[in-house]
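The values are calculated or read from the model by the stated rules, or taken from the named source; none is laboratory data. Bear in mind the structure is a predicted one, so any value in this text is a computation, not a measurement. So basically every Cβ, Gly included, is an ideal-geometry build from the backbone, and we count neighbours across all protein chains shown.
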Amino acid sequence: MRNFCGITIDNDKTFISFVGLNKGLIKPIEEISLKLNFDYDIINFFKKNALIISEKIKEKAKSYGFNIEKIFLGLPSQFVTIKTIEEVVPLARLKKITLADIEIAKKYVEDSVLCWDEFCLHHFVAWYQIEDKRYKLPPIGVVAKKIAIKSSIIYLKDKLYQEIDSILADADLNLGGFVEENISDFSMLSEKSDIGSTYVVINIRYTSSSFAIFKDGLFQLSKSFPLNLVTIFEELSKKFLISVETARNIFQQYFSFKDTSYTKEISIRNDNTYINISIGAFNSFLMAFIKNQIEILLEQIREILELNDFKILFLGRLNIYEGFMDFLKTFITYNLVLPVISTVNSSFGCVYYGLTKFLESYPKKETFLNRILTIYKEYF
């Protein structure tokens, strides 16, 4: 069995998933987290923490008796650019289209978008068009002299890629590649998912939550939204007149989405005084706040999509609290789907997506992600 890691970064923690790959099957092993602060300077972050991450990976791998072959790194969305383009690509002559022609056409599109110092991270094709007919799959064997392509290209500065790769290599970490964070989230969708459906993946992080829309198997859009752990701590602070740090501590220790007795109280020290807070009132206030924020978000998403029929996957830091899914079902009428594996973060999705090139040589069942990978395998 070959072993790999996926790494994703939140503002207060770094998440690492360990997996095994055996005969084309990925086996989740464990997700761990390290308390490492990320202030959006990703180069400085890895200069400070690459050795810490490397040592923790080696320590955990040793406890399981294996070595890590490669790591895949989830790249925060602020470090990439996304561009959608339609391009008509001329062929050398009238001929039957081959896979080589498709690869040349995609490279032609990338060259029309990228500057000399930019690196293509992901390239998704929405459709190919020959004359008046559109194709979701590469139109191999169709006779044409030109081909139109609509693509979404996710890219970053090549210097950033090279700098991070060099820092990780110095820490004895073999970078298998970057995966943009929304694509990591997308890869957490259940294997029972339907490629024809519209999916919204909502990731509630520590300070920078976001949602991403996937329609017809393609990444369409990602946007940030204000609900995160820090805004929750701040609301608690204002409501109960306590410090944000005190709010954080009692949230982490006492919060639950389950019904809690109002008669049970906690006594906490706030500055130089002690105050009593009902755990039931504390939880009830927070659930009302979270519900309101999610309802506002879902209305915004509905307006963006201009439809009511979409499926939702929730990821992130609230998933670990007891009763979260049952809580969501009390007010969300859209179809809630489960992640392919229950974890705090999408680090597993990062490594799962990154390993696609290793899966191509193995026969596999028809699943949501595999169908997409069949379409786009030449890009990875």
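A few comments on the model shown:
- Residues of segment 335-378 satisfying the condition of being modelled with pLDDT of 85 or more, out of contact with any helix residue (DSSP H, G or I) (no Cβ under 7 Å at 6 or more places or on another chain) and closer than 24 Å to Asp259 by Cα: Asn335, Val337
- The number of residues in segment 26-42 that are outside any loop (DSSP other than H, G, I, E, B) and either touching a His at 6+ places or on another chain (Cβ under 6 Å) or surrounded by 13 or more Cβ atoms within 10 Å (Cβ to Cβ) (or both) comes to 9.
- Neighbours by Cβ (under 9 Å, 6+ apart or cross-chain): first from segment 253-277, more than 16 Å from Ser237 (Cβ to Cβ); second charged (D, E, K, R): Ser256/Glu322; Phe257/Glu322; Phe257/Asp326; Lys258/Glu322; Lys258/Asp326; Asn276/Glu265
- Apart from one condition, Leu51 fits all of (1) of a type in the set (A, V, I, L, M); (2) surrounded by fewer than 17 Cβ atoms within 10 Å (Cβ to Cβ); (3) not in a helix (DSSP H, G or I); the exception is (3).
- Checked against (1) in contact (Cβ under 8 Å) with a residue 12 or more places away in the chain; (2) out of contact with any Ser or Thr (no Cβ under 6 Å at 6 or more places or on another chain); (3) surrounded by fewer than 18 Cβ atoms within 10 Å (Cβ to Cβ); (4) under 23 Å from Gly176 (Cα atoms), Lys95 passes all but a single condition, namely (4).
- Total residues in segment 215-241 satisfying the condition of being in contact with a helix residue (DSSP H, G or I) (Cβ under 7 Å, 6 or more places away or on another chain) and either among the aromatic types (Phe, Trp, Tyr) or farther than 23 Å from Glu303 by Cβ (or both): the figure is 9.
- Hey, Asp10 at pLDDT below 95, surrounded by 12 or more Cβ atoms within 10 Å (Cβ to Cβ), out of contact with any Asp or Glu (no Cβ under 7 Å at 6 or more places or on another chain) and not assigned by TED's automatic domain parsing to the domain that holds Ser209 or not: yes
- For segment 98-119, a residue qualifies if it is touching a residue at least 40 places away in the same chain (Cβ under 8 Å), more than 24 Å from Phe178 (Cβ to Cβ) and surrounded by fewer than 18 Cβ atoms within 10 Å (Cβ to Cβ), and the qualifying residues are Thr98, Leu99.
- Residue ID - surrounded by the fewest Cβ atoms within 10 Å (Cβ to Cβ), chosen from residues in segment 196-209 that are among the β-branched types (Val, Ile, Thr) and within 14 Å of the chain's Cα centre (by Cα): Ile202
- Hey, Leu286 crowded, with 17+ Cβ neighbours inside 10 Å and over 21 Å from Asn345 (Cα atoms) or not: yes
- Within segment 1-20, the set of residues being of a type in the set (A, V, I, L, M) and under 11 Å from Phe66 (Cβ atoms) comprises Met1, Val19.
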